[in-house]
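To start, the structure itself, in structure tokens.
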């Protein structure tokens, strides 16, 4: 898959190679999920029309959280200055891959107790996949998060309760590797993919093996056992499946089909909703737009996902400054 070998993000590749072109594989007509986004979605709304630059949004500060703590074995995390633990010294945490600063800006607008870990490993999904191909790296990360919380809260033996994985753009590569292992998949309660799920093609379909861990998790979410939220833009990348195709493929594996909807006024950063699907705790939302600003705007969607889905589900102990 080209996103793994390139040092640039798939959006940069798409823009450089004229990804707005709607050329499609010869087999595209054989399955609905292989349809490319329609012509009317191939537009990038400018900053002045959005009222904000999605790739450089205002910083609201840290809310009830302390500044970045570099205690974890990978990345860094923010913790409530005080609180955030149950009486049994348990806590909830989201590990976010790719774009940790813009994701943190949205996190603090909604969350007030769960821990947030941000990990950036470079451009393309390759560094994320290779880092977590060794599953011991994830186990070590979880242990280090628990140790960091214990040290920060000045308690012994703080333990993780609810665990979520979120990723924007190339960050899906880490989540894919983590979910490959049944014992790790069982540990994860929530998965959020913000315009970032890609895979290669197979004859008349997508690479089902490559996307397999997400198919399995989507089934668990649809059955109510887990929570999964997937968003996609209308960007058409060169040579591999778009986030539109992969999201629709997950829906197809569940026997469903995305429903066309009208844009909503309340969507953040100029996003325009075009499709929707929900079954159980599995949710997909599709949006118009084919440029860098549209891609970044999905990070603005993060706060709504947290507010509507994650916060009521987790009911994390509140923190305070």
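Please treat every number below as a calculation from the coordinates, not as lab data. Note that the coordinates shown come from a computational prediction; the quantities given were computed from them, not determined experimentally. With ideal geometry, Cβ positions are generated from the backbone for all residues, glycine too; neighbour counts draw on all protein chains shown.
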- Cβ density ranking, 10 Å radius, fewest first, applied to 183, 272 yields 183, 272
- Note on the structure: Relative to the chain, whose Cα atoms define the longest principal axis, helix 243-253 and its Cα axis are tilted in degrees, nearest 10, by 80
- Message: Order these by the 10 Å Cβ neighbour count, fewest first: 119, 235.
- Response: 119, 235
- Under a Gaussian network model of the chain whose springs join Cα atoms within less than 10 Å, the largest fluctuation of 283, 152, 100 belongs to 152
- Message: If neighbour count is taken as other Cβ atoms inside 10 Å, put 47, 117 in order from fewest to most.
- Response: 47, 117
- Rg and Dmax of region 53-138 over Cα atoms: what are they, in angstrom? 14.0, 42
- Theoretical gain in end-to-end length, residue 205 to residue 52 [0.36 nm per residue, Cα-Cα removed]: 51.3 nm
- Note the angle between two axes, namely the Cα long axis of helix 100-110 and the longest principal axis of the Cα atoms of the chain, as a number of degrees from 0 to 90, rounded to the nearest 10. 70
- Can you give the calculated 222 nm mean residue ellipticity of the chain, where each DSSP H run of n ≥ 4 adds -39,500 (n - 2.57) and the sum is split over every residue, rounded to the nearest 500 deg cm²/dmol? -9500 deg cm²/dmol
- Longest principal axis of the chain (C-alpha) makes with the long axis of helix 212-222 (C-alpha) an angle, in degrees to the nearest 10, of 70
- Message: Please report the antiparallel percentage of the DSSP beta bridges confined to the chain, to the nearest 5.
- Response: 40
- Note on the structure: Comparing 93, 103, 31 in a Gaussian network model of the chain (Cα, 10 Å), the one with the largest mean-square fluctuation is 31
